[in-house]
């Protein structure tokens, strides 16, 4: 799968070798790390190298377990969005965007395109995502894309040595 989605604001494309320095530059931010479960802080260049390397084999599979797109503006990856835990009919959506690009409608559009991609290309019926209670912007972009709050999962994740609740949102086809 080598799908590329072009919009007026950005390009969504599979990650590739060479993206690591830009990923490191834009994701190494405590505000991003605090809001995304899987991102540590400080984020190191070797973390970006490992993440890109882990994604590359998935792009060659007919039925990947995960599919992450780089959000490209200009010629560099400034964020990422993807579907993980892909099973027969469902997947989890996750995303981050460099702080410089917040508030410009980029993530709202990216979620729209990736949701459509998951439903149409991967045949997913259910796409779900989690947001921390303090991350109102993440909840808002999910809601703008038709995701509905299904509930609050108490002490659902361990982040920075604390158990945190998550708000579970889903979009059903």
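The values are calculated or read from the model by the stated rules, or taken from the named source; none is laboratory data. All figures in this text were calculated on a predicted structure; none of them were measured in a lab. Cβ coordinates were reconstructed from backbone atoms using ideal geometry, including for glycine residues, and neighbour counts include every protein chain displayed.
Hey, among the residues in the stretch 52-67 that are surrounded by 19 or more Cβ atoms within 10 Å (Cβ to Cβ) and in contact with a helix residue (DSSP H, G or I) (Cβ under 7 Å, 6 or more places away or on another chain), which one's nearest to residue 156 (Cα to Cα)?
The first filter runs over the stretch 52-67 and keeps only residues surrounded by 19 or more Cβ atoms within 10 Å (Cβ to Cβ), leaving 52, 55, 58, 64, 67.
Within this subset, residues satisfying the condition of being in contact with a helix residue (DSSP H, G or I) (Cβ under 7 Å, 6 or more places away or on another chain) are 52, 64, 67.
On the way: 52: 27, 64: 26, 67: 24 Å.
Ranking the qualifying residues of the stretch 52-67, first place goes to 67.
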| Checklist (1) out of contact with any helix residue (DSSP H, G or I) (no Cβ under 8 Å at 6 or more places or on another chain); (2) surrounded by fewer than 19 Cβ atoms within 10 Å (Cβ to Cβ); (3) at pLDDT 95 or above applied to residue 44, failing item | (1)
| query | So, in the stretch 78-103, of the ones that are within 21 Å of residue 132 (Cα to Cα) and assigned to a loop (DSSP other than H, G, I, E, B), which residue ends up farthest from the chain's Cα centre (by Cα)? | reply | 103
| request: Only one of these is in contact (Cβ under 8 Å) with a residue 60 or more places away in the chain and within 24 Å of residue 30 (Cβ to Cβ): 94, 82, 98. Name it. | output: 98
| note | Those residues of the stretch 1-33 which are over 16 Å from residue 76 (Cα atoms), modelled with pLDDT of 95 or more and surrounded by fewer than 17 Cβ atoms within 10 Å (Cβ to Cβ) amount to 30, 31
